[in-house]
Amino acid sequence: MKKIGQKDRDFFASVRSILHEARQKAYANVNAVMVEAYWKIGERIVHQEQGGEAKAAYGEGLLKSLSRELTAEFGKGFSYANLRNFRQFYLTYSVFEKCYTLCSKLSWSHNRLIMRVESDNARIYYLKEAAGQGWSVREFERQIRTQTFQRLLSTGKNPSTETRPIAKTATNHFIKDPYVLEFLGAPESEKEHENDLETAIIAKIQNFLLELGKGFSFVGRQFRISTETRHFTLTWSFTTIC
């Protein structure tokens with residue numbers, strides 16, 4: 001086997017650099033387009049609600065109807081809870097143009113987290129740090145949960161001058177964000193095939209239990225439950241009734 005020389009290593013490194021840069025651009029572009037779309041949806045919802053006489057009741061019915069329409073056409077990602085997040089996203093940053101510029105540099109998962117921060121100054125700090133230091137969603141959540149901004153203030157330091165470099169988010173994992181997948185209408189990975197197999201197996205189990213009659217109960221299967229910041233899968237099963 002031919003020994004790889006320094007010239008070849010430099011060549012390989014330059015090609016890797018091109019791919020890393022392209023992936024970073026793809027990551028930034030997808031998130032910017034997605035955040036812009038959710039911002040515009042939130043804006044349209046708010047303006048439509050304000051046109052109704054009974055704003056609160058009208059808004060609730062409007063979101064539920066819109067959720068059904070969008071889900072039927074575009075699939076997952078447009079639940080009533082998510083549409084409320086879009087509306088809150090617009091309401092939170094419609095008066096802070098500088099903040100919206102920072103928001104567009106971060107993923108939707110980042111933005112859902114930052115909306116829970118009440119202080120405007122703290123929001124700006126976390127947004128600047130996340131965009132500048134490349135905080136992952138997990139790191140972003142940790143910084144907010146441990147109140148980094150408040151702790152810096154309590155020590156007399158200026159949060160705007162205190163930064164701690166953190167490793168950039170791995171761009172080869174960004175597409176796994178369920179919000180990106182749902183926004184792009186892309187399949188969620190090979191797990192879709194696993195779900196098909198699981199469905200077929202459970203259907204056979206359910207039929208078998210029904211044939212056995214009294215004494216057995218089929219409870220259910222896996223369901224994904226989404227909160228404001230996380231996704232969970234609840235696993236249901238069958239049981240024997242004694």
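Summary table
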{"read-out": "Failed item in (1) exposed (fewer than 15 other Cβ atoms within 10 Å of the Cβ); (2) part of a helix (DSSP H, G or I); (3) modelled with pLDDT under 70, with G52 passing the rest", "value": "(2)"}
{"read-out": "Contacts under 9 angstrom Cβ, first residue in the stretch 6-22 being in a helix (DSSP H, G or I), partner surrounded by 10 or more Cβ atoms within 10 Å (Cβ to Cβ), 6 or more apart", "value": "F12/I4; H20/T171"}
{"read-out": "So E36, is it modelled with pLDDT under 80 and at negative phi", "value": "no"}
{"read-out": "Given (1) over 32 Å from the mean Cα position of the chain (by Cα); (2) under 20 Å from L70 (Cα atoms), index of the condition K40 fails", "value": "(1)"}
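The values are calculated or read from the model by the stated rules, or taken from the named source; none is laboratory data. Given the structure is predicted, the values throughout are model-derived calculations rather than measurements. FYI the Cβ positions are ideal-geometry reconstructions off the backbone, even for glycines, and counts take in every protein chain you see.
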